[in-house]
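**Q** A single structure is presented below for examination.
The values are calculated or read from the model by the stated rules, or taken from the named source; none is laboratory data. The structure presented is a predicted model; accordingly, all values stated were derived computationally and were not measured. With ideal geometry, Cβ positions are generated from the backbone for all residues, glycine too; neighbour counts draw on all protein chains shown.
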């Protein structure tokens, strides 16, 4: 027979004024299994805890029920109390008679007392079935993985490496640097993006604790916090990185021209190329889809000319598997496809471009060497129209969210146009101007007041070509009239959207994403860089539209979380996880399909049946991965799976006790 | 049908002779002329016991579970419904495809054995109720096929669009009428579990209803426990039921069990899209996956 | 293929040739149009400016008659389509609305009968390939700008095509052997009744569309709306008087162009009823065909 | 107390399966905000609404409960990523099945109530209590 102790807390008068605590304690005496029952003013205070400890030893209690506030508040407190009294902490159950009773039924003491009594009876019925549970520890692999080598990934890797931990960066493109490398100047200081990014790129590349794995993608993620097993596909670069000196001869002599992705296709690159001059590693890659050798089998100029004999057409993709203790996901963003806005004619009119095109147009190493020229005829535009919120804040055609960075980068673009083309006119169509950030509002004010950009509050309804000009027709809602502007170039402040394959990666690693495929943080306020999957953290725009300062801040925060994890030798795991009763399990695998953490696998056990040894398929729960949701327990028809601390028996006992 | 019986015996003989399988599961004549229970033939000389007639009701795939850990192959005759059951068992990982030799038989629909008993051999015995609405009379998967290919096309489905009029009739009742209806049905239940034992969707190693220590269900035979049993079983076979109707045929108390199963099938189709269990081996079970755009009624 | 047919009031007056060409083309393609008996006005635009329920109930009656017949409704006029579609969408969205409306019109309408734009029916249901095979006098060399107007594809929840850059009429023209030209005024407003009430404003809007079509080098404009036709066709010489520019742009209902391509006589289609002379375009078409015929 | 009194003073008892992360927190918030509701509900804490086995619900009806509410995080917000999507499928079916065998629809319900929806928790349990009170005690499926 179990010996349960019941402790009713008054919480000062919080509970006692609505519930007759003494009576609840008296009633509890009669419940099966209760050996001791009492009430006290503050159970969570030192004397209250002492009271529990004393009762445990005096009355040889082996189970404890505390009826007080929400277990979300004080369950850890009372578990520790049990531990100090020599009891397993999981032999505690709590009845929530404050938030769920006293506070919501202040005017009906009789029925509140009855309810409190019944809540205690449920807890007693459950605790009788509680089993002692042990937190186990698992070793931690002391290496972190950062997925994505943009500014967020670089910052996270640097911070982790500087704390003394090993870290790998996996980057899909041939070079690290990401979107920031494409950007010309940064707001609100207008310092050159490359000037502040490239030193960081060099630093991370030269850091003894960092390994760059470029032109590679994560293909499979298994395991769990502390012990992720990640398969990485290193795409065939066709250039031996160890031999290549980066002299650039191959690129120079390559006969094939391909529109450059980095230059937003406004300039050509070669089929063997480095994406941009400051690329790291600054060694070329062969774009096999366009390379003449790979298409026709003829050419091979690069191989013939390479003084280091680094060009290797026979290279193949390689799959490598590495172990990591923690993962930072910093995969960045894509741009919204503006062509859904038929009225703007993006894709039809050459001079309607996105903000990222503009960044390249204004960049000194870009296709126009920094002179702003419009793409159609290379003329310097005099009238430039900017349209904000293209793809964002538009539930009908685009995304509902605010893309956050566009107000500021449009102000920056407006400033740059006015600075570079003295006799230019700049018009900005906007819905709102949002400038929360240090120095941002001031920057915007300068854009209008000092640089004379004309901000027009309203939407553009149509852009059409007439006589070599783009007629931008819109509404000025402040003046309440329609306006038409003869523009030479139109720049669309295009929304940031999640990466095309964002959902795929999230599913592969096993964490959640929102309706727009941005990654979901564990808590929007209190856990903004964690995911719900332990050991996986978020940095940068993969979690939502973000500018550079925010991305960097989040990256450093994620790095701290990683360091916290990697600085331990072993980590504790919650014992409230699923277990398999192999005797019952039929091995149907239904539990495997419903588990959100890929924590269940089917394995074979050996058994003797009819005198023969057979291999029988059964489910097996990985205690490191299981988070204790219990989905498998319901998927299993024969109840071969059970959830510790919330077992079928416990819940049925609670139901029975409640219905008495 | 005699022709098929001959073919059955021939192919069973060949399979056993060549040692391709250690046992052939088929049907044989039972105690009465209107019963054709399962037969397990493991000797060539026994193949003449095999028959194919109007009463080969049993869903033979269910018995494959008993051979799960046997090393030797098993050969089995399958009608349309047996083959759906086979696919289901494959999906539930209870059997391995390569360990089974499937011999398909086109099924024109079987006859009602209770009616047969009353009407006698010469009587005009009607089709079994479960065969009146068969969507898949032909085996969906087989290694050998008894009968001509043309025949396969000829044996058309007797049901084109699903007919839920019986389910709808109950839905049209008031809650109290419905309760009364079902209480009347399940008050008869003697909890013999024949429905479970004959059901190919019930393939647990140990059924919850046999787990006395957890206390899922009481032993008392009363209305409440019987209904717990009925509803729990209905939920457990939800998305798995292949509509072979064996549960209802096996029920000694004539409880309309398929009325529960059909209700769930109807709801699954309406809520989560058309789904026929045991057709596509690669399909996911309706309760084994979800769609973010599933109907939302709980806001 | 069978549809209930709702011509609407314009098609029996100013848009007579739209009705004529619709019926002829449907007949030629083997589409059965069953004119809704005793149909009533769709209510545009007075009803929805007066009372929301009235605006929904008026088209509902027509739809209900079609529903009882088990037919979807083919609607040529853009305004009739927009009003009828609005009713269908509202009724489908809410059981409550279904009930209210059914009570008002005193017959059931569940939203089962769909309001369909005639253009959409040709393009999606009949299919461009099928239409292509029926063409025996292709609109060879004819440069056409498709003018959808403001109502046909908007608002997005009522339309069947991209609300800003629709393509269905363009692809139909292409299937007829013509050359659709891309232009920026596909969904521009024609000024509607402004031409009557606020002549200046109305004319400037008409003028913009006409000069937009001229700018890209169109031979003619194709439309799907009787009011747009009115403004662009009847008032074209007023626009000329105002701007001094000779537009010379015949306006066609897309059904007329279909009829011509199917080899029907211009008179059966009502092409002779236009204000802007169409003979130049017709001659051009004939010439192109003759050229093809002589090796 | 006479039988008549017993009937008049009858109060329904309603079981609420609340997921630990959303609905249980929502109920806590209702308490913190002192939002009053009738004292007829009893909350049973489960980690996730996906942990609620339909057999638990049936058992409660057997033991004479008057109503059952299964409540969890909104779809998309599940602490365990996908648990409530399975809950949704399972209980869309279960709800229909229970109604099909004659259980009144009011007696078994499911709702999404987040940790920030204290007022919604108050409103939902108040409504359910009132509905069930109006219907009287549940006698269906009881084992006594």
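**Q** Among the numbered criteria (1) more than 9 Å from chain D (Cβ to nearest Cβ); (2) touching a residue at least 24 places away in the same chain (Cβ under 8 Å), which single criterion is violated by residue B:225?
**A** So residue B:225 meets the others, but not (1).
**Q** Residue A:365 passes all but one of (1) touching a strand residue (DSSP E or B) at 6+ places or on another chain (Cβ under 6 Å); (2) not assigned by TED's automatic domain parsing to the domain that holds residue A:533; which number fails?
**A** (1)
**Q** In contact with a strand residue (DSSP E or B) (Cβ under 9 Å, 6 or more places away or on another chain) and surrounded by 24 or more Cβ atoms within 10 Å (Cβ to Cβ): is that true of residue D:51 in this structure?
**A** Working: in contact with a strand residue (DSSP E or B) (Cβ under 9 Å, 6 or more places away or on another chain): yes; surrounded by 24 or more Cβ atoms within 10 Å (Cβ to Cβ): yes.
Taking the combined requirement at face value, the residue satisfies it.
**Q** Ok, one more. Within segment A:182-202, can you find the residues that are farther than 21 Å from residue A:261 by Cβ and in a helix (DSSP H, G or I)?
**A** The answer is A:195, A:196, A:199, A:200, A:202.
**Q** Only one of (1) modelled with pLDDT of 95 or more; (2) surrounded by fewer than 20 Cβ atoms within 10 Å (Cβ to Cβ); (3) more than 21 Å from residue A:48 (Cα to Cα); (4) more than 14 Å from chain D (Cβ to nearest Cβ) fails for residue A:109. Which number is that?
**A** (4)
**Q** Another question about this same structure. Of all residues in segment B:172-194, which are within 11 Å of chain D (Cβ to nearest Cβ), part of a loop (DSSP other than H, G, I, E, B) and touching a helix residue (DSSP H, G or I) at 6+ places or on another chain (Cβ under 9 Å)?
**A** B:173
**Q** Applying the selection to segment D:9-27, what residues are in contact (Cβ under 8 Å) with a residue 24 or more places away in the chain, more than 8 Å from every other protein chain (Cβ to nearest Cβ) and out of contact with any strand residue (DSSP E or B) (no Cβ under 7 Å at 6 or more places or on another chain)?
**A** D:10, D:21, D:26
**Q** Residue by residue through segment D:95-107, note down the ones that are crowded, with 22+ Cβ neighbours inside 10 Å, at the interface with chain B (Cβ under 8 Å from one of its Cβ atoms) and either in a loop (DSSP other than H, G, I, E, B) or within 14 Å of the chain's Cα centre (by Cα) (or both).
**A** D:101, D:103
**Q** For the condition within 23 Å of residue A:331 (Cα to Cα), modelled with pLDDT of 95 or more and touching a strand residue (DSSP E or B) at 6+ places or on another chain (Cβ under 8 Å), what is the one hit in A:541, A:534? Before you say what the answer is, go through the steps one by one.
**A** On the way: A:534 fails: modelled with pLDDT of 95 or more.
Selected residue: A:541, the only one of A:541, A:534 that is within 23 Å of residue A:331 (Cα to Cα), modelled with pLDDT of 95 or more and touching a strand residue (DSSP E or B) at 6+ places or on another chain (Cβ under 8 Å).
**Q** Also: Somewhere in segment A:28-49, is a residue in contact with a strand residue (DSSP E or B) (Cβ under 7 Å, 6 or more places away or on another chain) and at positive phi?
**A** yes
**Q** For segment D:33-46, check the following and say yes or no: at least one residue is modelled with pLDDT under 95 and at negative phi.
**A** yes
**Q** Here is a follow-up. If you scan segment A:313-342, which residues turn out to be surrounded by fewer than 20 Cβ atoms within 10 Å (Cβ to Cβ) and within 14 Å of another protein chain (Cβ to nearest Cβ)? Give the steps one after another, and end with the answer.
**A** As a first pass, look at segment A:313-342 and keep what is surrounded by fewer than 20 Cβ atoms within 10 Å (Cβ to Cβ): A:313-323, A:334-335, A:337, A:339-340.
Those that are surrounded by fewer than 20 Cβ atoms within 10 Å (Cβ to Cβ) and within 14 Å of another protein chain (Cβ to nearest Cβ): A:337, A:339, A:340.
**Q** Only one of (1) within 11 Å of chain B (Cβ to nearest Cβ); (2) surrounded by fewer than 24 Cβ atoms within 10 Å (Cβ to Cβ); (3) free of Cβ contacts under 8 Å to residues at least 24 places away in the same chain is not met by residue D:134, so which one is it?
**A** For residue D:134, the failing item is (1).
**Q** Still on this structure: For segment D:70-97, what are the residues that are more than 23 Å from residue A:627 (Cβ to Cβ) and free of Cβ contacts under 8 Å to residues at least 40 places away in the same chain?
**A** Within segment D:70-97, the first condition is being more than 23 Å from residue A:627 (Cβ to Cβ), and the residues that meet it are D:92-97.
Listed by number, the residues that qualify are D:92, D:93, D:95, D:96, D:97.
**Q** Count, please, the residues in segment A:72-86 that happen to be in contact with a strand residue (DSSP E or B) (Cβ under 9 Å, 6 or more places away or on another chain) and more than 29 Å from residue D:22 (Cβ to Cβ).
**A** Summing the residues that are in contact with a strand residue (DSSP E or B) (Cβ under 9 Å, 6 or more places away or on another chain) and more than 29 Å from residue D:22 (Cβ to Cβ) in segment A:72-86 gives 1.
**Q** Now for a separate question. Considering only segment D:41-73, state which residues are within 8 Å of another protein chain (Cβ to nearest Cβ) and in a loop (DSSP other than H, G, I, E, B). Quick ask: steps written out before the conclusion?
**A** So in segment D:41-73, the residues within 8 Å of another protein chain (Cβ to nearest Cβ) come out as D:42-48, D:50-56, D:58-60, D:62-65.
If the condition is that a residue be within 8 Å of another protein chain (Cβ to nearest Cβ) and in a loop (DSSP other than H, G, I, E, B), then D:47, D:48, D:52, D:53, D:63, D:64, D:65 are the ones that fit.
**Q** Separate question: Do we have residue D:30 as without any contact (Cβ under 8 Å) to a residue 60 or more places away in the chain, within 9 Å of another protein chain (Cβ to nearest Cβ) and in contact with a helix residue (DSSP H, G or I) (Cβ under 6 Å, 6 or more places away or on another chain) here?
**A** On the way: without any contact (Cβ under 8 Å) to a residue 60 or more places away in the chain: no; within 9 Å of another protein chain (Cβ to nearest Cβ): yes; in contact with a helix residue (DSSP H, G or I) (Cβ under 6 Å, 6 or more places away or on another chain): yes.
So residue D:30 fails the test.
**Q** Check B:276, B:282 and return the single one that is modelled with pLDDT under 95 and either part of a helix (DSSP H, G or I) or within 14 Å of chain A (Cβ to nearest Cβ) (or both). Full working, then the answer.
**A** Values: B:276 fails: either part of a helix (DSSP H, G or I) or within 14 Å of chain A (Cβ to nearest Cβ) (or both).
B:282 is the lone residue from the list that is modelled with pLDDT under 95 and either part of a helix (DSSP H, G or I) or within 14 Å of chain A (Cβ to nearest Cβ) (or both).
**Q** If you check A:226, A:164, which single one turns out to be under 13 Å from residue A:562 (Cβ atoms) and without any contact (Cβ under 8 Å) to a residue 60 or more places away in the chain? Steps first, answer last, please.
**A** On the way: A:226 fails: without any contact (Cβ under 8 Å) to a residue 60 or more places away in the chain.
Exactly one of A:226, A:164 is under 13 Å from residue A:562 (Cβ atoms) and without any contact (Cβ under 8 Å) to a residue 60 or more places away in the chain, namely A:164.
**Q** Under the condition of being more than 10 Å from residue D:49 (Cα to Cα) and at the interface with chain A (Cβ under 10 Å from one of its Cβ atoms), which residue from segment D:81-94 is surrounded by the fewest Cβ atoms within 10 Å (Cβ to Cβ)?
**A** Out of the qualifying residues, it is D:82.
**Q** With respect to residue B:234, is the statement that it is in contact (Cβ under 8 Å) with a residue 24 or more places away in the chain, within 10 Å of chain D (Cβ to nearest Cβ) and not in a helix (DSSP H, G or I) true?
**A** Numbers: in contact (Cβ under 8 Å) with a residue 24 or more places away in the chain: yes; within 10 Å of chain D (Cβ to nearest Cβ): yes; not in a helix (DSSP H, G or I): no.
No; evaluated as a whole, the condition is false for this residue.
**Q** Test residue A:542 against the criterion of being more than 14 Å from chain D (Cβ to nearest Cβ) and over 23 Å from the mean Cα position of the chain (by Cα), and give yes or no.
**A** Numbers: more than 14 Å from chain D (Cβ to nearest Cβ): yes; over 23 Å from the mean Cα position of the chain (by Cα): no.
Taking the combined requirement at face value, the residue does not satisfy it.
**Q** Follow-up. In segment A:475-499, how many are surrounded by fewer than 22 Cβ atoms within 10 Å (Cβ to Cβ), under 41 Å from the mean Cα position of the chain (by Cα) and within 14 Å of chain C (Cβ to nearest Cβ)?
**A** 1
**Q** Now a separate question. Here are some residues: B:203, B:197, B:269. Which one is more than 14 Å from chain D (Cβ to nearest Cβ) and surrounded by fewer than 23 Cβ atoms within 10 Å (Cβ to Cβ)?
**A** Values: B:203 fails: surrounded by fewer than 23 Cβ atoms within 10 Å (Cβ to Cβ); B:269 fails: more than 14 Å from chain D (Cβ to nearest Cβ).
Selected residue: B:197, the only one of B:203, B:197, B:269 that is more than 14 Å from chain D (Cβ to nearest Cβ) and surrounded by fewer than 23 Cβ atoms within 10 Å (Cβ to Cβ).
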